[in-house]
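Enquirer: After the structure tokens below, expect a handful of questions from me.
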Amino acid sequence: MSDRIVKAEVLVSSPTRNFVTLRITTADGIVGLGDATVNGRELAVASYLADHVAPLLVDLDPGRIEDIWQYLYRGAYWRRGPVTMAAIGAIDMALWDILGKRANLPVYQLLGGRVRDAVPTYGHAFGWDIPALLDAVDAHLAKGAKHIRVQSGVPGLDKVYGVSKDPNYEPAGRAARPSEERFDADAYIRHVPKVLAAVREKVGDDVHLLHDAHHRLTPTQAARLAKSVEPFNLFWLEDVTPAEDQEAMRFVRNASTTPLAIGEVFNTIWDCQYLIENRLIDYIRTAVVHAGGISHSRKIYALAEVHGVKAGPHGPSDISPIALAASIHMGASTHNFGIQEYMGYADLVHEAFPHAWSYDDGVLQPGDAPGLGVDIDEGLLSAHPYTTAYLPVARRMDGSVLDW
Ligand code: GCO
Ligand code: MG
């Protein structure tokens with residue numbers, strides 16, 4: 001029973017923030033959706049898809065999901081990287097969506113069915129100072145959160161990753177150039193333990209706390225931070241160093257028992273292999289969209305399972321409700337799925353991408369609609385066209401560029 005792809009269209013829109021959406025239509029009239037958003041480089045993925053890949057998809061059998069993945073990955077010769085892998089990721093999730101609609105089953109059922117009642121999540125609490133952060137933590141507790149990521153301002157710094165004056169934090173700025181911020185690692189490392197001590201004292205032992213260092217520290221600074229926050233019993237400490245130098249994680253690992261999470265910018269299983277096989281991390285953070293879709297993420301999660309590592313996928317506002325759906329379906333059906341980041345969306349994003357998945361009381365449910373269960377309001381998307389937007393650039397106090 002085979003079908004045929006007749007069309008693959010790319011929609012670039014900006015309902016409050018930019019998204020790249022792929023829509024695949026089959027001869028039988030089944031429509032599958034995929035997310036291909038790479039924050040700050042959206043048009044590169046849109047062109048990769050529209051100019052190079054969409055024409056190749058026409059006439060292929062949408063049921064040959066793994067073969068199409070291999071054809072696009074190996075067949076391109078030039079492989080890996082966020083642009084290529086997000087494009088493949090979008091196609092892969094659209095094909096799983098089509099398969100689910102064809103079978104009249106939700107994708108989690110195609111992946112083996114539920115292994116848990118609900119998908120646990122963590123959200124973001126932030127404040128410029130400790131009292132403001134404690135208020136934000138209260139708001140999360142009131143909504144039933146059991147896991148909370150906490151980020152705060154740092155005395156002496158006027159911009160800090162993860163903290164915003166606006167209650168809806170959005171790191172990508174809609175402007176012609178990236179904004180810039182200065183970072184003082186010593187001030188940061190001195191301040192974070194005070195913040196975590198205050199939050200731990202407030203919430204007691206039963207609430208799980210997380211923190212994201214966002215790739216800024218040297219191995220020695222990262223090890224010092226991981227060690228000094230040990231008393232506050234973090235659920236995880238994320239992205240302590242830039243991910244390229246993977247041996248650095250061994251240094252941090254040897255210095256403390258604070259659980260480590262990394263990998264939101266990784267694209268393939270080969271980026272994850274060393275850290276997982278050497279048990280240098282506790283959670284792998286790859287996003288379904290940026291790591292080649294459901295088919296490839298399953299392999300990453302399986303490798304992680306063998307080595308006692310759990311999945312803790314990236315879920316900020318730049319992962320669209322379509323990619324989040326793919327992640328929720330995987331979370332419901334993957335045994336070593338630990339937690340899903342859920343930052344939430346502006347109301348307009350929920351309206352532009354009506355979805356069967358739901359969030360309540362700290363957990364996500366995939367819903368039972370066939371496929372991924374997400375639709376698009378095309379009118380709303382075209383009413384909000386792409387707007388140039390960039391993630392910030394960070395510099396050390398001496399002006400030299402640092403990982404943001
Ligand atoms: C996270 C991330 C994000 C990224 C953003 C970049 O853990 O949620 O670090 O906040 O900075 O997704 O596009
Ligand atoms: Mg992060």
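Enquirer: Name the single residue, out of those in the range 302-314 being in contact with a helix residue (DSSP H, G or I) (Cβ under 6 Å, 6 or more places away or on another chain) and part of a loop (DSSP other than H, G, I, E, B), that is surrounded by the fewest Cβ atoms within 10 Å (Cβ to Cβ).
Expert: 307
Enquirer: What number goes with the only condition from (1) within 16 Å of ligand 2 (Cβ to nearest atom); (2) in contact with a strand residue (DSSP E or B) (Cβ under 6 Å, 6 or more places away or on another chain) that residue 304 does not pass?
Expert: (1)
Enquirer: Specify which of the listed residues (56, 72) is of a type outside the set (D, E, K, R) and open to solvent by 40 Å² or more (accessible area, probe 1.4 Å).
Expert: Just a single option satisfies the conditions, and that option is 56.
Enquirer: Quick test of your reading of the structure: residue 1 fulfils all but one of (1) away from ligand 2 (no atom under 16 Å from the Cβ); (2) modelled with pLDDT of 95 or more. Name the failing condition by number.
Expert: Unmet for residue 1, out of (1) away from ligand 2 (no atom under 16 Å from the Cβ); (2) modelled with pLDDT of 95 or more: (2).
Enquirer: Going through the range 271-281 one residue at a time, which ones are outside any helix (DSSP H, G or I) and away from ligand 1 (no atom under 15 Å from the Cβ)?
Expert: Result: 278, 279, 280.
Enquirer: Can you work out which of the residues in the range 156-170 that are open to solvent by less than 30 Å² (accessible area, probe 1.4 Å) and under 25 Å from residue 220 (Cα atoms) is farthest from ligand 2 (Cβ to nearest atom)?
Expert: 157
Enquirer: Return the residues of the range 335-358 that are open to solvent by 20 Å² or more (accessible area, probe 1.4 Å) and more than 16 Å from ligand 1 (Cβ to nearest atom); say none if nothing qualifies.
Expert: 335, 347, 348, 350, 351, 354, 355, 356, 358
Enquirer: From the list 287, 243, which residue is modelled with pLDDT under 95, in contact with a His (Cβ under 8 Å, 6 or more places away or on another chain), within 16 Å of ligand 2 (Cβ to nearest atom) and not in a strand (DSSP E or B)?
Expert: 243
Enquirer: Moving on. Would you mind telling me which numbered condition in (1) open to solvent by 50 Å² or more (accessible area, probe 1.4 Å); (2) assigned by TED's automatic domain parsing to the domain that holds residue 170 residue 77 fails?
Expert: All conditions pass for residue 77, except number (2).
Enquirer: Moving on. Among the residues of the range 252-270 satisfying the criterion of being within 16 Å of ligand 1 (Cβ to nearest atom) and open to solvent by 30 Å² or more (accessible area, probe 1.4 Å), which is nearest to residue 293 (Cα to Cα)?
Expert: My answer is 265.
Enquirer: Show the residue pairs meeting these rules: Cβ distance below 9 Å; 6+ apart or different chains; first residue within the range 136-164 and aromatic (Phe, Trp, Tyr); second residue modelled with pLDDT under 95.
Expert: Note: pairs meeting the criteria are 161/171.
Enquirer: Could you say whether any residue in the range 98-118 is aromatic (Phe, Trp, Tyr) and closer than 23 Å to residue 375 by Cα?
Expert: Checked against the condition, which is being aromatic (Phe, Trp, Tyr) and closer than 23 Å to residue 375 by Cα, the range 98-118 yields at least one hit.
Enquirer: Still on this model: Confirm whether residue 152 is among the hydroxyl-bearing types (Ser, Thr, Tyr), crowded, with 19+ Cβ neighbours inside 10 Å and within 23 Å of residue 395 (Cα to Cα).
Expert: It is true that residue 152 is among the hydroxyl-bearing types (Ser, Thr, Tyr), crowded, with 19+ Cβ neighbours inside 10 Å and within 23 Å of residue 395 (Cα to Cα).
Enquirer: Could you say which residue among 275, 280 is more than 16 Å from ligand 2 (Cβ to nearest atom), open to solvent by less than 10 Å² (accessible area, probe 1.4 Å) and among the aliphatic types (A, V, I, L, M)?
Expert: Of 275, 280, the one residue that is more than 16 Å from ligand 2 (Cβ to nearest atom), open to solvent by less than 10 Å² (accessible area, probe 1.4 Å) and among the aliphatic types (A, V, I, L, M) is 280.
Enquirer: Would a scan of the range 383-393 turn up a residue that is among the hydroxyl-bearing types (Ser, Thr, Tyr), within 19 Å of residue 95 (Cβ to Cβ) and crowded, with 17+ Cβ neighbours inside 10 Å?
Expert: No, the range 383-393 contains no residue that is among the hydroxyl-bearing types (Ser, Thr, Tyr), within 19 Å of residue 95 (Cβ to Cβ) and crowded, with 17+ Cβ neighbours inside 10 Å.
The values are calculated or read from the model by the stated rules, or taken from the named source; none is laboratory data. Values in this document were obtained by computation on a predicted structure and should not be read as measured data. Every residue, glycine among them, receives a Cβ derived from its backbone with ideal geometry; neighbour counts consider all protein chains shown. For accessibility, only protein heavy atoms count, side chains too; no ligands or nucleic acids. Shrake-Rupley method; radii C 1.70, N 1.55, O 1.52, S 1.80 Å.
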